[in-house]
1. Accessible area of residue B:164, 1.4 Å probe, to the nearest 10 Å²?
2. Rounded to whole Å and sorted largest first, what semi-axes of the equivalent ellipsoid does the C-alpha gyration tensor of the protein assembly as shown yield via the square root of 5 times each eigenvalue?
3. Using a simple spin-label model with points 7 Å from Cα along the Cα→Cβ vector, what separation in nm is obtained for residue B:350 and residue A:4?
4. In Å³ and rounded to a whole number, note down the convex hull volume per residue for the Cα atoms of segment B:104-168.
5. Over chain A, what is the mean sequence separation of C-alpha contacts under 8 Å (at least six apart), divided by residue count, expressed as relative contact order in percent?
6. Of B:342, B:350, B:309, which has the largest mean-square fluctuation in a 10 Å C-alpha GNM of chain B?
7. Could you point to the residue in A:153, A:110, A:138 farthest towards the positive end of segment A:95-202's charge dipole, with +1 and -1 charges on the Cβ of Lys/Arg and Asp/Glu respectively?
8. What is the projected area of the convex hull of the Cα atoms of chain B, averaged over all directions, in nm²?
2 protein chains.
Amino acid sequence: MVDVKPEIRSGLEGVYFMESAICKVDGANGRLYYYGYPIEELASKSNFEEVSYLLMNGKLPTRSELESFRERMRDARYIPDEVANLIIELSGRSTPMHILSTAMDMIGALKGERSESNSTYIDIISELSSVVAAIGSISAKKGYIPPKDSLGHIENFLYMLSGEIPDKESVEIMDKMFILHAEHSSNASTFSAIVTASTLSDIYSSIVSAINTLKGPLHGGADEMALRMLADLRGKNIPKYVDDTIASGGRIMGFGHRVYKSYDPRATIIKGILESVQSRASEEVRELTKTVLSLEGVMTDKLSSKGIWPNVDLFTGPVYRYLGIPPDLFTPIFAASRAPGWCSHIQEYWKSNRLLRPTVFYTGEVGKKYIEMDKR
Amino acid sequence: MVDVKPEIRSGLEGVYFMESAICKVDGANGRLYYYGYPIEELASKSNFEEVSYLLMNGKLPTRSELESFRERMRDARYIPDEVANLIIELSGRSTPMHILSTAMDMIGALKGERSESNSTYIDIISELSSVVAAIGSISAKKGYIPPKDSLGHIENFLYMLSGEIPDKESVEIMDKMFILHAEHSSNASTFSAIVTASTLSDIYSSIVSAINTLKGPLHGGADEMALRMLADLRGKNIPKYVDDTIASGGRIMGFGHRVYKSYDPRATIIKGILESVQSRASEEVRELTKTVLSLEGVMTDKLSSKGIWPNVDLFTGPVYRYLGIPPDLFTPIFAASRAPGWCSHIQEYWKSNRLLRPTVFYTGEVGKKYIEMDKR
């Protein structure tokens, strides 16, 4: 029996599965909006806590709403001892992303059954940053550094990571980086969270799916890979590298995007941050900057006419290096910043939940006879 | 700016995202095939190890191929001490499904980077059963029972669960149950594994996504809920229960399926198993059987004309109860049996991988002005 072959939507590209009011990615014009607010406005005027509130509530908070949201975030920063011990046990024996997914899965296990309250979402946004910071501090042999109640979310994140109260500039830069990575519509990790949520599984399980999906080099791993490429390119002939890579069918990390066919607006902002810190930057960061700007020039000449432009991953690594972040924490930090986006989409999907189950076109045989072992 | 509204494919129902040669679910005729072999043939003549080989290789094994496959499965049964300790730590403080996902995530973390070898798939099929058995034995205060090399996969699973060498009938029944649950095309958990795999994340991360998706009551939780319904219905007026539930817009667990519009072929086989054990069954199981057969009769009279028939979850619970399995292990056992199906789909998807990223239709505003805090 052969059925008529239906249209196959490879990668589900261009298939719409729901309406959403959270995020507009205007790929043609290189614009990005969270609940209607342009990313440039949010990055320059808002902060990560307020953006998290916006993503969970669809509006900017009043002063007292933000205050109580920040208090809830602060109260949720503490990691259970069992989870801190798990991170210590796995540190050095696994990758930060694997430790992160296991730790978040364990927090979900300890908290138990499904919860749909806004309070669970806030817990997760806070805990994810704390777990990432703990993975970093334990890996750097500083041990688990408990949170400090007097600090805001980003300040506390940097404090838990390093054990030192961060300077104002570092907090401002990291705050912008968190805002820029907080949400990006139905990307693969967010979609993964929604698929898990669609069976009415719990929020933690959905977030763990998102983390496990973000792990892949085609998604969250790209900023770390872009940085490693930049470091490798130091002093090399960049036009030749670009030509050789294109000729061999390879891809240059940090360029091109399924949705943006123009300059990624997040890349513009991150490039601005990188340029603004040059006078205070280490030699490593200044060299990375030279390389990345030179690469950008070569690539723009060659490929911008084909809609291939810098994406968010290109300048992220050098900025994180300016903040002293080790490359294997880039993707975990991406996860910590994306937490409000994931939570926002789960919450929205559950308002009119439907089990997500696309289908495959069967191309095999049917009705084969089972053959006894001796006759095979 | 309002775009033209595209077609929204709710639940992605009926959307084809790939071709697949693994499994045909013929919902109209109530037939199911794994790589072309009817499920009835496999359940009556094959065994779970052979079916796992079939799902991973697309063909039935020769004697020596099966022998080496079984050896690989046997070698992979041992759980790392850290994971056994994690299960002990979480036992009684969380649900078996949450413990299962955390434990599998931790095994993945300990094993490290992405692996695509067939050997990793076999590891996972073995480990999942061992972890589920350990969760059961530790929960039953029997502690972690290490595997026994002289036993086959199903025999060993029941041994690790109870601490006793199982009788032949129990092994035969559980073997059939594992075969019947081993694969079912692109159901939600399998799709979830593929979404995670599509970013080139690793196999363990993909399996953890599948487990976290299976957790939900709209998917893997259904057999446990069907059993609880049957237990509640004992001695009650079943036609009235059915009428009341339908009148209030509720759903009767164990009936209806998005794909099958006829009798689920797996339900036919499981019903046969249940009927065959009545003379040796406990009073509990005999009562459950009476209830389920009576409910089936009422439901078939009322709803079979609408394509609503018994599904795989209806008779599964009473059969597991015959084997002495506690209800909160039903879904973990579903996961252990589905492992080869998940692995088979990941392997197939990676042969021509494409990032899975459908899209949402944005219905919000754009270009909102950021309002300073004091003016909100």
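1. Answer for residue B:164: close to 120 Å² accessible.
2. On the way: eigenvalues 419, 147, 143 Å².
Those come to 46, 27, 27 Å.
3. Label-label distance for residue B:350 and residue A:4, simple model: 3.7 nm.
4. Numbers: hull volume 5.7 nm³, N = 65.
Dividing the Cα hull volume of segment B:104-168 by its residues yields 88 Å³.
5. Numbers: 506 pairs, mean separation 87.2, N = 376.
It rounds to 23 percent for chain A.
6. Highest fluctuation of the listed residues: B:350.
7. Among A:153, A:110, A:138, the one farthest towards the positive end of the dipole of segment A:95-202 is A:138.
8. Numbers: hull surface 96.3 nm².
Computing the convex hull of the Cα atoms and averaging its projections yields 24.1 nm².
The values are calculated or read from the model by the stated rules, or taken from the named source; none is laboratory data. None of the values given here were measured: they were computed from a predicted structure. Reconstructed Cβ throughout: ideal geometry from the backbone, glycine too, with neighbour counts over all protein chains shown. Note: areas computed on protein heavy atoms with side chains; ligands, DNA, RNA excluded. Shrake-Rupley method; radii C 1.70, N 1.55, O 1.52, S 1.80 Å.
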